[in-house]
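Before any comments, here is the structure.
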Amino acid sequence: MPNDTQISKFMSLVLRHAPQEAGLTLDENGWADLGALCAVIEHKFGASATDVARVVAENPKKRFAIEGDRIRAVQGHSVDIDLGLQPSAPPAILYHGTKQEFLGAILREGLTSQSRQHVHLSKDVETALIVARRRKGKDVILRVDSAAMAGDGAPFFLSDNGVWLTNHVPPRYLQEISERELP
Ligand code: HQG
């Protein structure tokens, strides 16, 4: 029996990046047909619709949303969809967890969305550290002056699972947090 993490990873792949891997299409807001996704998952993993519902409900980061007979990922897309999020006022400070190897480029160009639709920012240092630790190498945590950015007109969006999203963070709003300040 596959574990929930394998199913969840496959769902992230399909619903954020490559719906064609499951023969699915996403609508302009990122929704896919739940029944069709469950059929693919049943075929691939031998898991039922009940298993899919459990993966969605118990996902530690609440990555997916089900509405009636449709499902979508709540953030993290590389495919061009519109989550329909309304801009909202961010906390004064946000954080971004990354790696030392990217720091030079980030301080030159700012944070850019890379392969995703948005730059992802965390509400606290602890969450940013978890994001940073997904990759090998030395962790770097950046403090983002989101109050100043918002004051200068940059839009911020809060995803349904609590990730702050924006388009680009120019270097002047970034400051590296020194190691001794980290938890
Ligand atoms: C870096 C996970 C060079 C950026 C997490 C990051 C998050 C630059 C990497 C979500 C750069 C992109 C997203 C620049 C940014 N030059 N490197 N100018 N600007 N970078 O995975 O923020 O588990 O696309 O620092 O929890 O790491 O998928 O973004 O290291 O919320 O739900 O380029 O993914 O959520 O990597 O992570 P990513 P991220 P899930």
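The values are calculated or read from the model by the stated rules, or taken from the named source; none is laboratory data. Values in this document were obtained by computation on a predicted structure and should not be read as measured data. Note: ideal-geometry Cβ built from the backbone for every residue, glycine included; neighbour counts use all protein chains shown. Calculation scope for accessible area: heavy atoms of the full protein, side chains included, ligands and nucleic acids excluded. Shrake-Rupley method; radii C 1.70, N 1.55, O 1.52, S 1.80 Å.
Residues being at negative phi, more than 12 Å from the ligand (Cβ to nearest atom), crowded, with 16+ Cβ neighbours inside 10 Å and not hydrophobic (A, V, I, L, M, F, W, C) are represented in segment 168-175 by at least one member.
Taking first residues from segment 95-118 that are within 17 Å of ILE130 (Cα to Cα) and open to solvent by 50 Å² or more (accessible area, probe 1.4 Å) and partners that are part of a strand (DSSP E or B) and more than 6 Å from the ligand (Cβ to nearest atom), the Cβ contacts under 8 Å between residues at least 6 apart in sequence or on separate chains come to GLN100/ASP139; GLN100/VAL140; PHE102/VAL140. Which residues, taken from segment 140-159, are surrounded by 18 or more Cβ atoms within 10 Å (Cβ to Cβ) and touching a helix residue (DSSP H, G or I) at 6+ places or on another chain (Cβ under 8 Å)? Residues satisfying the conditions are VAL140, ILE141, LEU142, VAL144, SER146, MET149, PHE156.
Which count do you get for residues in segment 141-166 that are more than 10 Å from the ligand (Cβ to nearest atom) and farther than 19 Å from LEU85 by Cβ?
7
Take GLY46 and tell me if it is touching a residue at least 60 places away in the same chain (Cβ under 8 Å), open to solvent by less than 80 Å² (accessible area, probe 1.4 Å) and at positive phi. So GLY46 does not fit the description; no. The helices (runs of 4 or more DSSP H) found entirely in segment 41-140 that carry 2 or more residues being more than 9 Å from the ligand (Cβ to nearest atom) and β-branched (Val, Ile, Thr) are 49-58. When SER178 is tested against (1) surrounded by 16 or more Cβ atoms within 10 Å (Cβ to Cβ); (2) over 24 Å from ILE81 (Cβ atoms); (3) more than 9 Å from the ligand (Cβ to nearest atom), exactly one condition is not met: (1).
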